[in-house]
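Participant: Just passing along the structure, written as structure tokens.
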Amino acid sequence: MAHKQGKDERRRYPRVPLSLLIQFRFDTLADFLAEYSVDISEGGMFIRTDEPREEGSLIYLQFYLRDGAKLIEGLGKVVRVNPPGREGAVAGMGVEFVNFDDESMRLIKQIVSRNVEQRPG
């Protein structure tokens, strides 16, 4: 009898809920937009927005740790889109981290591991 894996078990990286103010910019926009993240993993994050870009779009991301001391920035790729109005889903876009420096990736891993450890159960 084959064991069916759930959606979360198929993910490469565990996701943890995290609300951070994320600034992002597309090639066509001179100014940064700002929205809040829903969750984050070592591989990417989901950003809540009523104006998601299409899958495959590259975006430049910037966000600060909660203490405001460290800026994390790099390039992300939109890999999933939830359009506004879809029942039972938060409007926004799933973004895969594609070009972050080693220091930024180290900080992202720390954020995720710290939040995984704090989750109950």
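The values are calculated or read from the model by the stated rules, or taken from the named source; none is laboratory data. Bear in mind the structure is a predicted one, so any value in this text is a computation, not a measurement. With ideal geometry, Cβ positions are generated from the backbone for all residues, glycine too; neighbour counts draw on all protein chains shown.
Participant: Here are Glu96, Glu103: which of them is modelled with pLDDT under 95 and not β-branched (Val, Ile, Thr)?
Facilitator: Residue meeting the stated conditions: Glu103.
Participant: Kindly evaluate Lys109 against the criterion of being more than 16 Å from the chain's Cα centre (by Cα) and either at negative phi or among the small types (Gly, Ala, Ser) (or both). If you could, list the steps in order and put the result at the bottom.
Facilitator: Numbers: more than 16 Å from the chain's Cα centre (by Cα): no; either at negative phi or among the small types (Gly, Ala, Ser) (or both): yes.
So Lys109 does not fit the description; no.
Participant: Does any residue of segment 43-50 turn out to be crowded, with 20+ Cβ neighbours inside 10 Å, touching a residue at least 40 places away in the same chain (Cβ under 8 Å), under 19 Å from Ser113 (Cβ atoms) and polar (S, T, N, Q)?
Facilitator: The first filter runs over segment 43-50 and keeps only residues crowded, with 20+ Cβ neighbours inside 10 Å, leaving 44-47, 49.
Next, only the ones that are touching a residue at least 40 places away in the same chain (Cβ under 8 Å) stay: 44-47, 49.
After this cut, where a residue has to be under 19 Å from Ser113 (Cβ atoms) as well, the list is 44-46.
Pick out the ones that are also polar (S, T, N, Q) and you get none.
There is no residue in segment 43-50 that is crowded, with 20+ Cβ neighbours inside 10 Å, touching a residue at least 40 places away in the same chain (Cβ under 8 Å), under 19 Å from Ser113 (Cβ atoms) and polar (S, T, N, Q).
Participant: Of everything in segment 67-90, what is under 21 Å from Val112 (Cβ atoms) and either touching an Asp or Glu at 6+ places or on another chain (Cβ under 9 Å) or surrounded by 10 or more Cβ atoms within 10 Å (Cβ to Cβ) (or both)? Give them in sequence order.
Facilitator: From segment 67-90, those under 21 Å from Val112 (Cβ atoms) are 67-80, 90; that's our starting set.
Passing the criteria: Lys70, Leu71, Ile72, Glu73, Gly74, Leu75, Gly76, Lys77, Val78, Val79, Arg80, Val90.
Participant: Just to be sure I understand, how many residues within segment 1-57 are modelled with pLDDT under 85 and not in a loop (DSSP other than H, G, I, E, B)?
Facilitator: Selection size over segment 1-57: 4.
Participant: If a residue must be of a type in the set (A, V, I, L, M, F, W, C) and crowded, with 20+ Cβ neighbours inside 10 Å, how many such residues does segment 91-110 contain? Break it down into steps so the answer makes sense when it comes.
Facilitator: Restricting attention to segment 91-110, the residues satisfying the condition of being of a type in the set (A, V, I, L, M, F, W, C) are 91, 93, 95, 97-98, 100, 105, 107-108.
Those still in the list that are crowded, with 20+ Cβ neighbours inside 10 Å too: 93, 95, 97, 108.
The total comes to 4.
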